[in-house]
1. What do you reckon, is Ala7 at pLDDT below 80, out of contact with any Cys (no Cβ under 9 Å at 6 or more places or on another chain) and buried (at least 16 other Cβ atoms within 10 Å of the Cβ)?
2. State yes or no: is Ala68 among the hydrophobic types (A, V, I, L, M, F, W, C) and in a loop (DSSP other than H, G, I, E, B)?
3. Would you confirm whether or not segment 20-32 contains a residue that is at positive phi, of a type in the set (Gly, Ala, Ser) and in a loop (DSSP other than H, G, I, E, B)?
4. Enumerate the pairs (first residue in segment 84-113 and more than 17 Å from Asn39 (Cα to Cα); second residue anywhere and assigned to a loop (DSSP other than H, G, I, E, B) and of a type in the set (Val, Ile, Thr)) with beta-carbon separation below 8 Å, excluding pairs fewer than 6 apart on the same chain, so at least 6 apart or on different chains.
5. Return a yes/no flag: does segment 45-54 have any residue that is assigned to a loop (DSSP other than H, G, I, E, B), crowded, with 16+ Cβ neighbours inside 10 Å, touching a strand residue (DSSP E or B) at 6+ places or on another chain (Cβ under 9 Å) and without any contact (Cβ under 8 Å) to a residue 24 or more places away in the chain.
6. Of all residues in segment 65-94, which are among the polar types (S, T, N, Q) and at pLDDT 70 or above?
7. Quick check on segment 86-104: of everything there that is part of a helix (DSSP H, G or I) and of a type outside the set (Ser, Thr, Tyr), which residue is surrounded by the fewest Cβ atoms within 10 Å (Cβ to Cβ)?
8. Which condition breaks for Asp38 when tested against (1) under 20 Å from Ile4 (Cα atoms); (2) within 17 Å of the chain's Cα centre (by Cα); (3) in a loop (DSSP other than H, G, I, E, B); (4) at pLDDT 80 or above?
Amino acid sequence: MELIVKAKDIFLEYAGRDILDIEELEIYSYDRIGLVGDNGAGKTSLLKILSGNLTIADADVRRFGSIALIGQLDELDLDAAQGSGEMLSRLNVAGVAQETMSGGEETRALPACKRDLRRRAYEPPRPRRHPPSRRTTQGI
């Protein structure tokens, strides 16, 4: 029963909305935890806080050993999405500031930031050209 993380007073708010309100949390080596919730519920933010990738002023997070957060996707770069307003709108993330995006919103916005993904996602497929059939005619 080895303590891995001990955290107190994790409170996080984005855009005037309470995301996390955790008075105390302890995670032990035998714990198996699943985080489930809607986009913007704070799942990714909690993992970032517990791993040390996001710091909150009043929170007290103690890690016993090294902890790594392995993201699902590449880091988001909205600057690379310049000129992709229509695509961001279709992905329902237009007008959302990157620093306030939930993990789900970041995942949806990623294709707009990757030029090769944008091209594949919105470029209509090219018609296939089939070579002419080679039929041989033999005398009857």
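1. No: the conditions fail for Ala7.
2. Values: among the hydrophobic types (A, V, I, L, M, F, W, C): yes; in a loop (DSSP other than H, G, I, E, B): yes.
For Ala68, the condition - among the hydrophobic types (A, V, I, L, M, F, W, C) and in a loop (DSSP other than H, G, I, E, B) - is met.
3. There is no residue in segment 20-32 that is at positive phi, of a type in the set (Gly, Ala, Ser) and in a loop (DSSP other than H, G, I, E, B).
4. Ala112/Val93
5. yes
6. If the condition is that a residue be among the polar types (S, T, N, Q) and at pLDDT 70 or above, then Ser66, Ser89, Asn92 are the ones that fit.
7. Checking each candidate, the answer is Glu99.
8. Status for Asp38: all satisfied but (1).
The values are calculated or read from the model by the stated rules, or taken from the named source; none is laboratory data. Because the structure is a prediction, the values reported are computed rather than measured. Glycine gets a Cβ as well: all are built from the backbone with ideal geometry, and neighbour counts include every protein chain shown.
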